[in-house]
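Contents: one structure, followed by commentary.
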Amino acid sequence: MKSLILLTGARFLVPLFLVFSLYVLLRGHNAPGGGFIGGLIAACGFTLYAFAAGVEAARKALRIDPRTIGILGLICALIGAFASAFTGQEPFAGVWGEVWGYAVSSVLVFDIGVYLAVFGGMLTLIFALEETA
């Protein structure tokens with residue numbers, strides 16, 4: 001069933017879901033939240049769009065296969081988790097560096113990896129279930 005009201009609402013809500021998920025991701029270092037819940041919120045936005053417009057339209061809007069996003073997230077999380085090994089510290093120890101003039105920590109890299117892994121994994125699951133239904 002296609003609903004014009006749901007489709008119109010989804011077009012406005014998906015960007016809000018994505019912006020809020022990024023806010024939760026970045027806020028999670030000093031307060032509750034972080035990569036996991038941020039990835040779930042972003043996946044909810046695309047799930048809403050998939051329900052409204054169909055899975056094929058949601059895949060086109062995403063532009064990248066969700067499995068690829070999940071794999072990149074796992075790689076990013078592993079890099080963030082074991083970045084401290086290069087400095088002789090224990091795994092998951094916070095390491096700070098500078099990228100293009102900005103201070104970046106291994107904790108942020110790990111959190112971004114978790115965000116992408118959850119986002120890609122949930123969308124892979126939801127799209128597969130929606131396509132078989």
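The values are calculated or read from the model by the stated rules, or taken from the named source; none is laboratory data. Since we're looking at a predicted model, the values are computed, not measured. Here the Cβ is made from the backbone with ideal geometry for all residues, glycine too, and neighbour counts use every protein chain on show.
General observations
- The single residue among 123, 40, 74 that is farther than 25 Å from residue 13 by Cα, at pLDDT 95 or above and not polar (S, T, N, Q) turns out to be 74.
- Filtered residue count, the range 109-133, keeping only those that are surrounded by fewer than 19 Cβ atoms within 10 Å (Cβ to Cβ) and in contact (Cβ under 8 Å) with a residue 40 or more places away in the chain: 3
- Evaluation of residue 63 against (1) in contact (Cβ under 8 Å) with a residue 12 or more places away in the chain; (2) at positive phi; (3) of a type in the set (Lys, Arg) (one fails), failing number: (1)
- When residues of the range 79-90 are limited to those that are of a type outside the set (Gly, Ala, Ser) and within 11 Å of residue 107 (Cα to Cα), the one modelled with the highest pLDDT: 79
- Evaluated against (1) more than 12 Å from the chain's Cα centre (by Cα); (2) within 28 Å of residue 56 (Cβ to Cβ), residue 117 falls short on exactly one condition, (1).
- Looking across the range 84-110, the residues that are touching a Phe, Trp or Tyr at 6+ places or on another chain (Cβ under 9 Å), closer than 22 Å to residue 70 by Cα and in a helix (DSSP H, G or I) come down to 106, 107, 110.
- Filtered by the rule that a residue be touching a Cys at 6+ places or on another chain (Cβ under 7 Å) and over 22 Å from residue 49 (Cα atoms), the range 74-133 gives 109, 112, 113.
- So residue 95, is it over 30 Å from residue 4 (Cα atoms), touching a Ser or Thr at 6+ places or on another chain (Cβ under 6 Å), surrounded by 16 or more Cβ atoms within 10 Å (Cβ to Cβ) and among the β-branched types (Val, Ile, Thr): yes
- Test: residue in the range 83-96 that is more than 30 Å from residue 131 (Cα to Cα), acidic (Asp, Glu) and more than 18 Å from the chain's Cα centre (by Cα): yes
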